[in-house]
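The values are calculated or read from the model by the stated rules, or taken from the named source; none is laboratory data. All of these numbers come straight from a predicted model, not from anything done at the bench. Note that each Cβ is placed from the backbone with ideal geometry, even for glycine, and that neighbours are counted across all protein chains shown. For the accessible areas, the whole protein counts, side chains as well, though only heavy atoms, and no ligand, DNA or RNA atoms are used. Shrake-Rupley method; radii C 1.70, N 1.55, O 1.52, S 1.80 Å.
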Amino acid sequence: MKETTKQDMVVLITGAGKGIGRAVAETLARRAEAAGSSLSLYLAARTRSDLESLKAQLDSSVVRCDLIAGDLAEAPTEPVEACLARYGRIDALIHCAGVGRFKDFLEQTPEDLEFTIKINVTATFLLLQRAYAVMRAQSPREGMRGQIQVVTSIAAEQPFPQSSTYCLSKYAQRGLLEVMKLYGRQDGIRILEVKPGAVYTPMWGQLPAEQVEKMMIAEDVAQPMVDALYVSSRASLEGLTIRPLHGDL
C-alpha cells in the first residue's frame with residue numbers, strides 16, 4: 001500500500017454533505033491542489049446525492065474521494081471501517097455530523113432527547129472510540145499517529161434558551177474530548193475541539209436576511225480547522241473557539 005505522509009493524508013470527514021463538513025472537504029482539496037500534493041478524502045453523510053455532488057466537484061489528479069452514505073445513529077463505526085478497508089489507515093478524522101432540535105425546555109419531548117443523544121453522544125462516542133483505536137495501532141507519521149477534530153459548539157460551554165437537549169449533548173461531547181486528550185498525549189494522537197458560534201448552515205432553516213448577515217459562514221470555520229491539521233507535530237492545538245465578529249446572536 002502506498003505510504004502516506006503529512007502531505008498525503010487520508011482524511012475521514014463525517015457530515016461532509018453540507019455545512020462545515022463540506023466546507024472542510026473543499027478547503028482541504030484546494031490546499032492539496034495548490035501544493036500539488038495528493039490527498040485521500042473519505043466522505044460520510046446521510047444523503048448520497050450530497051456526497052456524489054461533492055465527489056464530482058473535488059475529484060482530481062491529486063484529490064481522491066470515496067464516499068459512504070448512511071445514518072451514524074444506526075451504524076456509527078461504519079465510516080471508520082470503510083475508510084480503513086480502502087486505505088489501511090486514517091490520518092485524520094474530522095467529525096462534523098450533528099443534530100439539534102430547538103424549542104422551549106418544557107416543550108422538549110422524550111423523542112427529541114433520544115434523537116439528539118443518539119447522534120451527538122452515543123454515535124459520537126462509538127465513532128471516536130473506534131477511530132482512536134485504529135490510530136493508536138498504526139505507525140506514526142512525522143511523530144503523530146493521527147488527529148481527531150470534533151465540531152461541538154459554544155453551546156458546549158454556554159447555555160442558550162431553546163437549546164436544552166442540544167446543550168446537554170454538546171456538554172457531553174466536551175467531557176468526552178477532555179478525557180480523550182489525556183490518552184492522546186500519551187499515544188501521539190492530537191485531539192481538537194472546535195467550538196463555533198453562530199454559523200449559517202442548513203440546520204438553521206430559513207432566517208431573516210438581517211440575522212444571516214450577523215452570522216459566520218461554514219468556510220469561516222473550515223479554514224482554521226484545516227490549518228490546525230498542519231500545525232507542527234511538536235505542538236497540539238486542543239481548543240478552537242470561533243465566534244461572529246460582533247459576538248453571539
Return the residues of the stretch 76-88 that are assigned to a helix (DSSP H, G or I) and either open to solvent by 30 Å² or more (accessible area, probe 1.4 Å) or within 19 Å of Gly17 (Cβ to Cβ) (or both); say none if nothing qualifies.
Glu78, Pro79, Val80, Glu81, Ala82, Cys83, Leu84, Ala85, Arg86
Number of the condition not met by Ser61 [criteria: (1) touching a strand residue (DSSP E or B) at 6+ places or on another chain (Cβ under 6 Å); (2) in a loop (DSSP other than H, G, I, E, B); (3) of a type in the set (Gly, Ala, Ser)]
(1)
Look at the stretch 89-119 and say how many of its residues are open to solvent by less than 40 Å² (accessible area, probe 1.4 Å) and assigned to a loop (DSSP other than H, G, I, E, B).
9
The stretch 194-214 - residue that is surrounded by fewer than 17 Cβ atoms within 10 Å (Cβ to Cβ) and either in contact with an Asp or Glu (Cβ under 8 Å, 6 or more places away or on another chain) or hydrophobic (A, V, I, L, M, F, W, C) (or both) and, of those, nearest to Ala92 (Cα to Cα)
Met203
Where residues in the stretch 120-147 are in a helix (DSSP H, G or I) and either free of Cβ contacts under 8 Å to residues at least 24 places away in the same chain or out of contact with any helix residue (DSSP H, G or I) (no Cβ under 8 Å at 6 or more places or on another chain) (or both), which of them is least open to solvent (accessible area, probe 1.4 Å)?
Ala123
Kindly check whether there is at least one residue in the stretch 58-75 that is closer than 23 Å to Glu193 by Cβ, surrounded by fewer than 19 Cβ atoms within 10 Å (Cβ to Cβ) and in contact (Cβ under 8 Å) with a residue 12 or more places away in the chain.
yes
Of all the residues that make up the stretch 215-226, how many are part of a helix (DSSP H, G or I), open to solvent by less than 60 Å² (accessible area, probe 1.4 Å) and touching a strand residue (DSSP E or B) at 6+ places or on another chain (Cβ under 8 Å)?
4
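Would a scan of the stretch 37-47 turn up a residue that is modelled with pLDDT of 95 or more and either open to solvent by 30 Å² or more (accessible area, probe 1.4 Å) or of a type in the set (Lys, Arg) (or both)?
Yes.
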Look through the stretch 9-42, keep the residues that are under 11 Å from the mean Cα position of the chain (by Cα) and part of a helix (DSSP H, G or I), and return whichever of them is nearest to Thr124 (Cα to Cα).
Gly21
Only residues in the stretch 21-39 that are hydroxyl-bearing (Ser, Thr, Tyr) count as the first member; pair them with residues that are surrounded by fewer than 19 Cβ atoms within 10 Å (Cβ to Cβ) and part of a helix (DSSP H, G or I), Cβ under 6 angstrom, at least 6 apart or cross-chain, and list the lot.
Thr27/Gln223
Going by what's in this entry, would Arg190 be described as modelled with pLDDT of 95 or more, open to solvent by 10 Å² or more (accessible area, probe 1.4 Å) and not in a helix (DSSP H, G or I)?
yes
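Under the condition of being assigned to a helix (DSSP H, G or I) and of a type in the set (Ser, Thr, Tyr), which residue from the stretch 148-185 is nearest to Tyr230 (Cα to Cα)?
Tyr183
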Among residues of the stretch 227-249 being part of a strand (DSSP E or B) and of a type in the set (A, V, I, L, M, F, W, C), the residue farthest from Leu93 (Cα to Cα) is Ile242
Enumeration of residues in the stretch 227-249 that are touching a Lys or Arg at 6+ places or on another chain (Cβ under 7 Å) and either over 30 Å from Ser37 (Cβ atoms) or open to solvent by 70 Å² or more (accessible area, probe 1.4 Å) (or both):
Pro244, His246, Leu249
